[in-house]
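*Asks:* First the structure, then my questions, so here it is.
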Amino acid sequence: IITILSIIIVISTSLFIIHLSNLNQENKLIAEQILLAKEETERQLKINQIKNDSAAIFITISKEFIGQKEYRLALLTIDSALQIVPNNLVALDLKANIFENTGKYNGAIKIYNTALNQASVAKDIYELCKGKCYLKTGNKDIDSDFMIKSEDQIPFICYGDTDSIFVNIYDYLY
């Protein structure tokens, strides 16, 4: 009986050691997967930083072109920034400003709409800029979404009818 118990103890100890080594292998695999995920996250962060830095260079160059009233070059440069980081709010804002400065108000309105969809703060600023563009188009048919959002975000500007929104936005901006 002692021999049988000894054999059982040896076998169970061996099985336990095998089980522990399997657990260690599983833990090693999990640790390796965590390490790989961490390295991938760090790599993506570096890539995003490089993209943001590159876009910032194009934005700076575009601002210089705007200052020189070289709007065609400014637009080409800002489009390069937006190819790198498509939803960069600074680049979107500059592109809308370029459109405004060149009289392409409908294009500016589209860009402001894109910025509004991306922005988490300062949405009222984009709404005001959109209002200014609507003013300059001379179009009295204002996008209904603009009216609704304007009433929610900047109630002191909108009174409901088209003529008063034009007058009040105009008075507010100038």
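*Asks:* Taking a virtual spin label 7 Å from the Cα of Ile125 along the C-beta vector, which residues in segment 77-94 bring their backbone nitrogen under 13 Å of it?
*Replies:* Backbone N within reach: 89-94.
*Asks:* Right, next: Between Asn106 and Gln118, what is the spin-label point distance in nm, taking each point 7 Å from the Cα along the Cα→C-beta axis?
*Replies:* 2.3
*Asks:* Taking 7 Å along the Cα-to-C-beta vector as the label spot, tell me the Lys63-Ile8 distance in nanometres, rounded to one decimal.
*Replies:* My value for the distance between the label points is 8.1 nm.
*Asks:* Still on this model: What ranking do 64-76, 111-123, 81-93 get when scored by the average of other Cβ atoms within 10 Å per residue, highest first? All intermediate terms of the calculation are to be shown ahead of the outcome.
*Replies:* On the way: 64-76: 15.0, 111-123: 16.6, 81-93: 18.5.
Answer by packing, highest mean first, reads 81-93, 111-123, 64-76.
Since every read-out is calculated from the coordinates, none of them should be taken as a lab result. If you're wondering where the values come from, they're calculated on a predicted model, not measured in any experiment. Counting neighbours? That spans all protein chains shown, and the Cβs are built from the backbone with ideal geometry, glycine included.
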